[in-house]
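Okay, so here's the structure we're looking at.
The values are calculated or read from the model by the stated rules, or taken from the named source; none is laboratory data. No experiment lies behind these values; they were computed from the predicted model shown. Ideal geometry is used to build each Cβ from the backbone, glycine not excepted, and the neighbour counts take in all protein chains shown.
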Amino acid sequence: MIAVVGVIAIVSALPRDGGAPGATRAETVTRSSTVAHAKTESPTKTKSLAKKGLPSKVVVSARVAATPELAAWGAERTPRPPQLPRNFRGKGKWIVRDLGITVPFRWQGRNGDSQMVAGGPHYPIWFTNLIYHNTLYTLTYKWPGLTVHTCSKVPGFSLQTLNGLLATSRFVGPEILQRNQLRYVDHWRVGIVVPQLPPGLWPRLPIALGDIYVDQRNRSTFWQLLQFGLQNLYDPQLDEWAQMDTFDHRPGRVSLPRRCLSATSTPGLLGALKPAG
């Protein structure tokens, strides 16, 4: 699998760093800290709203939205953008929905190097992406219809390069990913569009786009990546996802495949996608 933004891409309830016990639907419309300031209307007013035919969820939302704290929620200060840490280890799933493929996924980092591994020899897809010694490597062992399995190499791509790209992300808003655990996340959009031109009627191409979901309490904890673009060239819909089940801030294991030791620099599109930095 070709990777650039791809190297960058969620029920029991816990607090915002992992979910909140007993969280209600009304609480899912805002950050838990904001909900904590919501005022409770009197039972009489609640009954009055219910008599008007409003569902219970709407009644609860009406009570919550009436508070000054929630009225100002849309004006909250934008959080700091995602940043991949130097050391981490996480496990989850890599999903290629249009092909009906879901495989195990590992993402680890150690001292600024990092490695993604999706699938394996007994799965329909198997690839690894690495940032290793200031170089981006991609090696696809298995993919439907693929007969070329060389290791690509883009020199000059480091953790600093990646985090520089992530720093240009646009904040979408706070959200909750409903999986086995509720994940309170900040949703960001990042991408590469060419050519870079001023606002107005200009021809533009979205080369690579990614939606990144990081923990609201720690922008270096990644829970989900959604990717679309030419970095997913092997997929008919150019669309691949990563969903993390665990993400710990402990050094992981990063290992450059032997096949990549003799890799030569990759010219053309992949090299052109490398952001400056």
For the range 176-191, does any single residue satisfy the condition of being more than 24 Å from Asn87 (Cα to Cα), touching a helix residue (DSSP H, G or I) at 6+ places or on another chain (Cβ under 6 Å) and part of a strand (DSSP E or B)?
yes
Over the range 232-272, the set of residues out of contact with any helix residue (DSSP H, G or I) (no Cβ under 7 Å at 6 or more places or on another chain), modelled with pLDDT under 85 and assigned to a helix (DSSP H, G or I) is Asn232, Leu270, Gly271, Ala272
Among (1) more than 17 Å from Thr221 (Cα to Cα); (2) surrounded by 18 or more Cβ atoms within 10 Å (Cβ to Cβ), Gly156 falls short only on (2)
* To do: Would you check if there is a residue in the range 188-210 being of a type in the set (D, E, K, R) and either touching a His at 6+ places or on another chain (Cβ under 9 Å) or buried (at least 20 other Cβ atoms within 10 Å of the Cβ) (or both)?
  => no
